[in-house]
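As structure tokens, the structure follows; a few thoughts come after it.
Values quoted throughout were computed directly from the atomic coordinates according to the rules given, and no laboratory measurement underlies them. This one's a predicted model, so the numbers in the text were calculated from it and none came from an experiment. Here Cβ is always computed from backbone atoms with ideal geometry, including for glycine, and neighbour counts include all displayed protein chains.
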Amino acid sequence: MANTPSNMMPLETKAPNFTLRDTISDKNLSLDHLKGKNATVIFFICNHCPFVIHVNTQLVQLAKDYKNQGVNCIAISSNDVENYPQDSPDKMKLIAEKEGYNFPYLFDETQTVAKAYNAACTPDFYVFNSDLTLKYRGQLDDSRPGNNIPVTGNDIRHALDCILQHKNNTNTQKPSIGCNIKWFKA
């Protein structure tokens, strides 16, 4: 298990736009179409990473808890599927069904979106306000596989609550830790 940290995109960055194929609906979906009325959470994940497997249930719960508050969640996988076939789109759809994903699971085939977001690891999280301005990036919470800290999503939940209550998030934003994104070999 790698312990790759987030690159921590600068706060106030505008969300780079994208259109990617959703492996669940098999439709091309854009950020403009998917963004939430009040906030948007984008997370880079993949199927096989133990750090993602560790938080999958909380990702579904987080999306469920905030959906009625105008918050949409979007999952993106950018891994090289030639060398990591377990992360291929057909397997992404199976994982989404198995885990009960209530958000789109998009495939970044060219890795362009991951590069635009400066994503480094799975999971890597970005929280944007209604104007798609970055207000939080980093970890879901302090839980990691094997550290016996419960998965709560506290860091992301606090960031979302601050956006929804029009408050500044003064909490320290810690990088996420996970497996590195599996980049194409040059």
Within the chain, percent of DSSP bridges classed antiparallel, to nearest 5: 70
Treating the Cα atoms of the chain as identical point scatterers in vacuum, please give the log10 of the normalised Debye intensity I(q)/I(0) at q = 0.13, 0.15 Å⁻¹, two decimals. -0.59, -0.80
Among the listed pairs K14/K37; K27/K93; K135/K182; K35/K174, which have their C-alpha atoms separated by more than 21 angstrom in this model? K135/K182; K35/K174
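When only C-alpha pairs under 8 Å and at least 6 residues apart count, what is the relative contact order of the chain, in percent?
Details: 387 pairs, mean separation 62.0, N = 186.
Normalised by residue count, the contact order of the chain is 33 percent.
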Near the amide H of T13, under 5 Å away, which other amide H atoms are found, from residues 5 or more places off or on another chain, if H is placed in the peptide plane? L134
Roughly speaking, what is the centre-to-centre gap between the range 79-157 and the range 1-72 when only Cα atoms are used, to the nearest Å? 5
Run lengths n ≥ 4 of DSSP H only: what is the helix-derived mean residue ellipticity at 222 nm for the chain, with -39500 (n - 2.57) per run over all residues, to the nearest 500? -7500 deg cm²/dmol
Please give me the summed charge of the neighbours of P89: other residues whose Cβ is under 12 Å from its Cβ, Lys and Arg +1, Asp and Glu -1. -3
Sort by residue number and report every cysteine in the chain with no other cysteine beta carbon within a distance under 4.7 Å. C46, C73, C121, C162
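Excluding N56 itself, calculate the net charge of residues whose Cβ lies under 12 Å from the Cβ of N56, where each Lys or Arg counts +1 and each Asp or Glu counts -1. Walk me through the intermediate numbers first.
Numbers: positive: K98; negative: E99.
Taking every Cβ under 12 Å from that of N56, the sum is 0.
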